[in-house]
Structures are given as structure tokens and as C-alpha cells.
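Quick notes on the structure that follows.
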Ligand SMILES: Nc1nc2c(ncn2[C@@H]2O[C@H](COP(=O)(O)OP(=O)(O)O)[C@@H](O)[C@H]2O)c(=O)[nH]1
Ligand SMILES: [Mg+2]
């Protein structure tokens, strides 16, 4: 079983005849757009396929399929997909709107890092609802990692401050910071994230930092709009694309990489601890087509 087996494929290469004619390219375009790749990116990809087909003298559908896998894999390569965890401690901040999978993703990554013998600390800076810290606590217990939390309604920046101090004192390798995705309005949310960022800058100025935007793949092009807003306000270093299991909108990964120029660093395909792993562009492209 491959990791992306639960991803819905773009099936044109299986269903179409054997000729690489205009109908074929039209239908490929349509399929990519249906998969939420977006119009502009789709046109670019198909143009690129056509030019490679010409250049390489490709005749068969199977060759065209392999070529398209390569075109998509290239398009998905928007930078380094590995997390920068080069300092002790390193800090990874998770942001994104409500329900996209931030807390679950932290749980999974924490569990995996712990398995690599890293000393991990969770920071429950989503203080908006008591349930958020409770949910993260369950993951912390499951993974066997420490957690820093406060009462509901506490200042998230204060929780982050506590976590940074604890990380320094305890020799933590990686701090994973959960944040709220819903505040009274968007400006409020962005201000809050900036405040958290400033606390990290001040408390751990030399630490390796990642800001991962978590996006729900099933929201397709809407997710891309969210991503643009967060990118402007918070300066993201990578994307976690969740809920790729069973979605027909896998093309969104390509749109994100092309239009944002930010690499997808992790992909989620379910709710279990093993249903998340570092994003492999070639494997994803192969599974999509
Ligand atoms: N099917 C599926 N569900 C997921 C995935 N990631 C998270 N979820 C579920 O999405 C829901 C919201 O996740 P949560 O982590 O609470 O989102 P948050 O509000 O961003 O913290 C939960 O029911 C998770 O189990 C995924 O990759 N696939
Ligand atoms: Mg949450």
C-alpha cells in the first residue's frame, strides 16, 4: 500500500484512447481543473507537457503519463521540504483556520519526532476553547511528550513565553506550538500571531524557526485564498496539506506550490498517527496521475 492510495486519481490516462490529440489535451485540462489545480496553473502544466512531448518525440499514452508525472513533480518543487530543526531548541509554529487539522498534525509530528528520540514539547497556545488544550493533552499523553498550557482564555503569547522558558530549561529539541484558528476577526487573529512570533524572536532569537500553514485539501481553491492571506500576514515557511484521503482536489497541492512558491512539507491522509509524513513530490505526482 502506498501512502497516497486514498487520494483520488486523475483518471484520464487510464480511460482515454491511445492518441495524443487535441481531445486528449482538452480532457486532461478539464481533469486538472476539476482537481482544483486552478486555471492558470493547469494551462501552464499542459503547455509544458505539450512542449516536452514534442521535444522528446513522445508517441504513446504511457510515455505521456510518465512525462506528466515529471511535469507535476517539477511544479511541486517549491523549495526544501525538510523541516529546519537545526538548533536546540527549534520552534515550529502551526497556523491556519479552525478545523484544518493543526492540533492533530502536531500530535502526529510530535509522536514521530519522539520516535526519533527527540525531546519534544507541545505548547497549547490555542486558548480560545478549553477543548483545544484538552485535545493537545491527549496527544501529548499518547506520544509521551511534555505540554505547556494555561487556563482557557489565557493570553496565547504568555503560554508561548512559558513554553520558550521551559524549552530552554529542559533542553528540549523541538517545541511545537498550537495556535487558535478563530478569533473575533481576521485582523485580531493576525495580530495575535504576530505577538506570538515576537515572543519567540525575543526569547529564542537564535533558534531555527518554521511557521507551517495547515490547509485542508478538501477546501480546494478556498484553501489557496486562505494561504495567500496568511502568507502576507505571517510569513509562512511551509504548508501542511491535510485530508488528502478521499479528496478529488489533490491538484490544490500543485496550485499552492506554483502560486505561493511555498513548499508543501507534510501531507496528511487520515486521523491516525501514521497518516502524516513528509511530502514527497514524486510520489504524490505518481499517485495523482
Ligand atoms: N480524514 C482526515 N481527517 C483529518 C486529517 N487531519 C485532521 N483530521 C481531522 O480533522 C478534524 C479537525 O482537526 P483538528 O486537529 O482539531 O483541527 P484544528 O482546529 O486545526 O486544530 C479532526 O476530526 C481530525 O481528526 C487528515 O489528514 N485526514
Ligand atoms: Mg486545534
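Each reported figure results from applying straightforward, stated rules to the coordinates on display, with no laboratory input. Keep in mind that what you see is a predicted model, and the values were worked out from it rather than measured. Here the Cβ positions follow ideal geometry from the backbone for every residue, glycine too, while neighbour counts run over all protein chains shown.
Brief remarks on what is shown
- For the chain, the longest principal axis of the C-alpha atoms and the axis of helix 102-115 are separated by about 80°.
- Taking every alpha-carbon pair under 8 Å whose residues sit at least 6 apart, the stretch 138-289 reaches a relative contact order of 15 percent.
- Pairs of Cα atoms nearer than 8 Å and 6+ residues apart set the relative contact order; for the chain it is 29 percent.
- In the elastic network of the chain, a GNM with C-alpha springs shorter than 10 Å, the most mobile of 210, 232, 259 is 232.
- Protection proxy ranking of 37-43, 113-119 - average other beta-carbon atoms within 10 Å, highest first: 37-43, 113-119
- Computed over the stretch 147-197: relative contact order in percent, which uses C-alpha pairs under 8 Å that are six or more apart: 35
- If you model the chain as an ellipsoid using its alpha carbon gyration tensor, with each semi-axis the square root of five times an eigenvalue, the axes come out at 39, 18, 16 Å, biggest first.
- Backbone N under 14 Å from the residue 277 label point (7 Å along Cα→Cβ), restricted to the stretch 108-122: 112
- Panel note: the C-alpha atoms of the stretch 70-158, placed on their principal axes, show extents of 49, 30, 23 Å (largest first).
- Likely footprinting exposure, 67, 123, fewest C-beta neighbours within 10 Å first: 67, 123
- Nearest-ten-degree value, helix 130-143 long axis tilted from longest Cα axis of the chain: 80
- Derived value for the stretch 93-227: Kirkwood hydrodynamic radius 14.9 Å. Basis is the mean of 1/r over every pair of different alpha-carbon atoms.
- Beta-bridge orientation, the chain: approximately 10 percent antiparallel, per DSSP, counting only bridges with both partners inside.
- Debye log10 I(q)/I(0) for the stretch 12-76, one point scatterer per Cα, at q = 0.28 Å⁻¹: -1.48
- Between residue 22 and residue 60, the modelled label-to-label distance comes to 2.8 nm, taking each label 7 Å out from Cα in the direction of the beta carbon.
- When the alpha-carbon atoms of the stretch 1-132 are used, the pair Rg, Dmax equals 20.9, 61 angstrom.
- The calculated 222 nm mean residue ellipticity attributable to helices in the chain amounts to -16000 deg cm²/dmol, summing -39500 (n - 2.57) over DSSP H runs of n ≥ 4 and dividing by all residues.
- Under a Gaussian network description of the chain, with springs only between Cα atoms under 10 Å, the residue in 13, 122, 230 that fluctuates furthest is 13.
- Residue with peak Gaussian network fluctuation, the chain [Cα springs, cutoff 10 Å], from 278, 263, 89: 278
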